[in-house]
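Peer 1: Can you read through this structure? Questions will come right after.
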């Protein structure tokens, strides 16, 4: 069995020296050495390795996704049974979405593997996550992009790449949107939790678009805004912005009131975006028959809701859309289609 290993740095590719965690050129070899020690059948596997990046993932920018994707394409994925990308945890959910959206039609398993601590730390889950990825490929569980990750004192979960969220605050735990991972891995066996759809490029109908023409170009001019009480929209300069993605509270809402002044109202900011010809999108929100009046008001004033999608997936998909298309209708068609199982429900 032949597997392509793509090392990019992160905690799993780091060591500790004098109280500082930083990437190390020796860490990838540490991972493989540990794997050989703990996986008796390792001789049945052949690894080809690449290292297009060596960074801590908090330092990642959209251009890094292009670098990773181009390195994989240059290696000719068709000659492999699967691909494993080692990655840091801070931006893991974003990179998982980027790889998912670009390689949605690749009929191979691609797994992103991280570690909560450097591999020399006995608390690290990196080796366990890596072995799960190996078993996923070896057992031919599915094609598509997945992220195996074991939270402390919990069973190993395998997350769909477009449904992984950033880790919880003040912890290194990861979950899928709504807490529904794709499957669980215990004692060498994968158990499905949610449905997995295997689709070909032809099965995704992108009206008016040629999906094969999508390039690994991600706009770095998507402004993402997080709501909080007192948010003042006067602080934002839209001159170098392709589009705005406005995060929402858990109920799919944001401030639509003028009670505390126009500077705090998203309605007024939507007007400003329209005046400056900058599209504004909202996420996340579950589409349902009923919605809060504030949400309906925002939509009536011209905001575009990206329904049933995590904020991480929405951001990356917008970056890919604006990196490839200039026509607004093409962008909307790309955003509205369920390309990589990113739509919930």
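The values are calculated or read from the model by the stated rules, or taken from the named source; none is laboratory data. This one's a predicted model, so the numbers in the text were calculated from it and none came from an experiment. Cβ atoms come from the backbone with ideal geometry, glycine included; neighbour counts cover every protein chain shown.
Peer 1: How many of the residues in region 10-47 are at pLDDT below 95, part of a strand (DSSP E or B) and surrounded by 12 or more Cβ atoms within 10 Å (Cβ to Cβ)?
Peer 2: Residues flagged as at pLDDT below 95, part of a strand (DSSP E or B) and surrounded by 12 or more Cβ atoms within 10 Å (Cβ to Cβ) within region 10-47 amount to 6.
Peer 1: Any idea which residue in region 107-164 is nearest to residue 32 (Cα to Cα), counting only those that are in contact (Cβ under 8 Å) with a residue 60 or more places away in the chain and in a strand (DSSP E or B)?
Peer 2: 113
For (1) assigned to a loop (DSSP other than H, G, I, E, B); (2) over 21 Å from residue 287 (Cβ atoms), each residue gets a yes or a no:
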| site | (1), (2) |
| --- | --- |
| 227 | yes, no |
| 230 | yes, yes |
| 239 | yes, yes |
| 245 | no, no |
| 250 | yes, no |
| 258 | yes, yes |
| 263 | no, yes |
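Peer 1: Given the structure, is residue 305 within 25 Å of residue 178 (Cα to Cα), in contact with a strand residue (DSSP E or B) (Cβ under 6 Å, 6 or more places away or on another chain) and either surrounded by fewer than 18 Cβ atoms within 10 Å (Cβ to Cβ) or without any contact (Cβ under 8 Å) to a residue 60 or more places away in the chain (or both)?
Peer 2: yes
Peer 1: From the list 143, 91, which one is within 25 Å of residue 334 (Cβ to Cβ), surrounded by fewer than 24 Cβ atoms within 10 Å (Cβ to Cβ) and out of contact with any helix residue (DSSP H, G or I) (no Cβ under 8 Å at 6 or more places or on another chain)?
Peer 2: 143
Peer 1: Applying the selection to region 64-88, what residues are closer than 19 Å to residue 46 by Cβ, part of a helix (DSSP H, G or I) and touching a helix residue (DSSP H, G or I) at 6+ places or on another chain (Cβ under 7 Å)?
Peer 2: none
Peer 1: Out of all the residues in region 256-284, which are modelled with pLDDT under 95 and buried (at least 17 other Cβ atoms within 10 Å of the Cβ)?
Peer 2: 256
Peer 1: Also, I was wondering about something else. Would you mind finding the one in 118, 109 that is within 21 Å of residue 135 (Cα to Cα) and in contact with a helix residue (DSSP H, G or I) (Cβ under 9 Å, 6 or more places away or on another chain)?
Peer 2: 109
Peer 1: Got at least one residue in region 115-125 being within 17 Å of the chain's Cα centre (by Cα) and crowded, with 23+ Cβ neighbours inside 10 Å?
Peer 2: yes
Peer 1: Residues in region 270-297 that are under 23 Å from residue 327 (Cα atoms) and either in contact with a helix residue (DSSP H, G or I) (Cβ under 9 Å, 6 or more places away or on another chain) or in contact (Cβ under 8 Å) with a residue 12 or more places away in the chain (or both): how many?
Peer 2: 12
Peer 1: Quick one: would you say residue 189 is in contact (Cβ under 8 Å) with a residue 60 or more places away in the chain and at negative phi?
Peer 2: No, not satisfied.
Peer 1: I'd like the full set of residues that are modelled with pLDDT under 95 and either surrounded by 14 or more Cβ atoms within 10 Å (Cβ to Cβ) or on the phi < 0 side of the Ramachandran plot (or both), limited to region 159-176.
Peer 2: If the condition is that a residue be modelled with pLDDT under 95 and either surrounded by 14 or more Cβ atoms within 10 Å (Cβ to Cβ) or on the phi < 0 side of the Ramachandran plot (or both), then 167, 168, 169, 171, 172 are the ones that fit.
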